[in-house]
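Read through the structure below, which is laid out as structure tokens, and then see the notes.
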Amino acid sequence: MTRGRHETRGAAVIAAAAAALLARPALANEPPAADAQAPARFAIVVGANKSVDPEVRELRYADDDAAGYQELFRTLGARTYLLSRFDDATRRLHPQAAAEGLDPRRHELERLAEQVAADVALARGRGVATVVYFVFAGHGGVENGRGYLALEDARLYGADLERLIVDRVGGAETHFIVDACDSVVLAFSRGPGGERQPVHGFAALGGLAARPGVGLLLSTSSARESHEWSEFQAGVFSHEVRSGLLGAADADGDGRISYREIAAFVQRANSPIPNDRFRPEVYSKPPAPTAALLDLRQGLARRFEIDGDHPGRYFIEDSRGVRLADFNNASGQALHLVRPAGAGRLFLRKVGPDSDVEYVLEEAPAVVRFADLQPQATAVQNRGALQESFRLLFTLPFSQQIVDAFVEARPPAEVADVGFDAAAARPRQHVRRAVGFGLLGLGAAAAAGGTWAVLSALSLEHQAETTQADAFRANQLIDRRNDWARVLYGVSAAALIAGGVVLFWPRRQEAPAPAIASVRVDVFTGGAALGWGGRF
């Protein structure tokens with residue numbers, strides 16, 4: 001009896017312990033499991049260093065950004081489609097992307113949209129939900145108050161993106177991630193001459209943002225030089241976004257990145273920079289009814305975990321020297337970061353005023369924890385005004401409290417001139433076109449006048465004169481009209497040549513002096529002269 005009671009009591013203790021273990025919530029450092037019915041994801045990635053606008057200088061890292069986004073979305077299980085022309089340095093770092101990428105030109109995008117539409121339709125026909133991402137890194141601009149993205153040979157306006165990506169592809173959700181260097185694309189713009197001017201076709205003013213299933217994550221930086229940094233080998237905004245989407249922005253640890261989280265993450269990274277020219281801004285608008293931009297849970301099977309007991313500023317790069325992510329977790333803020341597929345050994349560096357150490361993240365096991373790593377000493381390099389400005393990035397810690405306090409930006413109905421090189425040059429381009437077309441118009445008018453004078457002289461030659469005096473007067477009129485014809489044809493030729501020079505003479509890359517132009521026409525007995533001059 002005694003032994004039986006002890007056995008019963010022991011079994012009860014074991015059962016209670018087992019129940020307690022089963023009832024215990026998941027550990028804080030264990031990310032949630034992925035949904036069984038996850039949607040099919042499709043990512044169209046475009047990186048264009050060269051713009052259709054000839055006066056805009058080429059970028060250096062839009063192709064690197066495109067390759068980085070392709071690796072990110074492939075790691076998360078998305079089917080990716082790539083448009084980018086890779087330079088030699090990027091080809092060496094990203095040979096697979098270089099092998100697959102198509103040229104960033106309009107006809108290639110049109111053809112690619114048809115292919116993605118067929119793939120999405122196939123998934124939808126099999127009862128699978130679909131999510132489409134359109135990612136762009138490159139130049140943008142503003143024309144007559146409309147924002148556009150610049151391919152190598154064409155401009156993509158809001159209506160083009162609606163037609164090609166939203167309507168033709170037809171995903172249940174469509175997310176646009178845009179880092180366009182020369183303008184406040186999609187959400188903000190400025191008009192010719194820098195005046196305040198409404199933006200048509202985008203963001204809160206209609207178009208893309210009016211579509212309930214469309215989400216927007218846009219860089220609204222205005223200074224072109226601030227967009228790329230050699231230490232990142234990427235656009236600043238794009239690098240920040242990829243850092244957040246690898247998991248650094250997942251403040252609540254649910255394995256999903258919301259629009260609010262990624263916008264707060266980017267803003268927090270940039271907020272220490274005092275100069276507006278060097279500080280990227282962000283505008284986000286989630287698609288209704290969801291607030292999520294990206295679900296990471298499938299990719300978190302291979303991850304790096306850093307607990308809240310090791311706060312600080314870190315960045316991760318791979319063995320190629322490609323910088324994958326930067327982050328700064330606050331005290332008590334745990335993070336799970338996706339480790340890109342096939343990246344091999346990674347290197348984690350902790351930087352700060354009191355420490356600069358490096359940790360090696362081996363390829364195995366699948367889950368690497370910070371507490372298991374051993375530090376190694378490192379060295380630091382690079383100086384300069386721009387370097388020092390960008391070194392302020394990620395110096396403030398990020399946490400759930402930052403997300404809670406984040407105030408989302410709202411696009412105004414109109415935006416004041418914020419001033420940057422390429423956009424500032426466009427008013428001068430406007431003057432140049434006005435003068436050029438004015439000269440062509442003057443040339444056409446003078447040619448018409450000369451033709452009238454010739455025809456009038458011919459008609460006088462065929463008139464019948466009754467007296468010798470009438471014939472003398474007619475000959476005088478014919479000579480004067482022939483003189484006017486020569487003068488007007490000379491003016492026409494000079495004006496047409498001058499107009500052609502003004503319109504088609506190659507533009508300087510740097511911002512020119514303010515446009516000043518003058519045109520002078522002198523008509524005198526037996527001839528005429530036309531002069532023009534100016535700075536464009």
List the residues whose amide H sits under 5 Å from the amide H of residue 176, counting only those 5 or more places along or on another chain, with H placed 1.01 Å from N in the peptide plane. 134, 215, 216, 217
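Subtract the Cα-Cα distance of residue 459 and residue 377 from 0.36 nm times their separation in residues, and report this length gain in nm to one decimal. If you can, show how the numbers build up before the last one.
On the way: separation 82, 0.36 × 82 = 29.52 nm, distance 9.66 nm.
Full-extension gain reported as 19.9 nm.
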Based on the mean of other Cβ atoms within 10 Å per residue, sort peptides 447-458, 69-80 so the most packed one is first. 69-80, 447-458
Sorting check: for 358-370, 134-146, which peptide has the highest mean count of neighbouring beta carbons within 10 Å, and how do the rest follow? 134-146, 358-370
Which whole-Hz ³J(HN,Hα) couplings does region 284-297 yield from phi under the Karplus relation 6.51 cos²θ - 1.76 cosθ + 1.60, θ = phi - 60°, glycine and proline marked x? 10, 9, x, x, 7, x, 7, 10, 8, 8, 8, 9, 8, 4
In whole Hz, what ³J(HN,Hα) sequence does region 99-106 give by Karplus (6.51, -1.76, 1.60; θ = phi - 60°), x for Gly and Pro? 6, 9, x, 9, 5, x, 10, 4
Starting from the Cα gyration tensor of region 34-193, take the square roots of the eigenvalues, sort them a ≥ b ≥ c, and report rounded, prolate or oblate (rounded when a/c is under 1.5, otherwise prolate if a/b is larger than b/c, else oblate). oblate
What distance in nm lies between label points placed 7 Å from Cα along the C-beta direction at residue 345 and residue 276? 4.7 nm
Using amide H atoms built in the peptide plane, which far-off residues or other-chain residues are under 5 Å from residue 310 H to H? 332
Tell me, what ³J(HN,Hα) does each residue in region 111-120 have, in order and in whole Hz, if you take phi through Karplus 6.51 cos²θ - 1.76 cosθ + 1.60 with θ = phi - 60° and put x for Gly and Pro? 5, 5, 4, 5, 5, 5, 4, 5, 5, 5
Out of residues 5 or more away from residue 102 or on other chains, whose amide H comes under 5 Å of its own, with H placed 1.01 Å from N in the peptide plane? 82, 83, 84
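Between residue 437 and residue 126, what is the FRET efficiency for a Förster distance of 56 Å, r being their Cβ-Cβ separation, to the nearest 0.05? Could you put the intermediate results ahead of the total?
Numbers: r = 56 Å, r/R0 = 1.00.
Efficiency at R0 = 56 Å is approximately 0.50.
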Residue 110 accessible area, nearest 10 Å², 1.4 Å probe? 50 Å²
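When ranked by the protection proxy of mean other Cβ atoms within 10 Å per residue, highest first, what sequence do the peptides 167-177, 313-323 form?
On the way: 167-177: 20.6, 313-323: 17.9.
The packing order, highest mean first, is 167-177, 313-323.
The values are calculated or read from the model by the stated rules, or taken from the named source; none is laboratory data. Everything numeric in this text was worked out from a predicted model, so none of it was measured. Please note: Cβ atoms are built from the backbone with ideal geometry, for glycine as well, and neighbour counts cover all protein chains shown. Quick note on the areas: whole protein, heavy atoms, side chains included, nothing else; ligands and nucleic acids left out. Shrake-Rupley method; radii C 1.70, N 1.55, O 1.52, S 1.80 Å.
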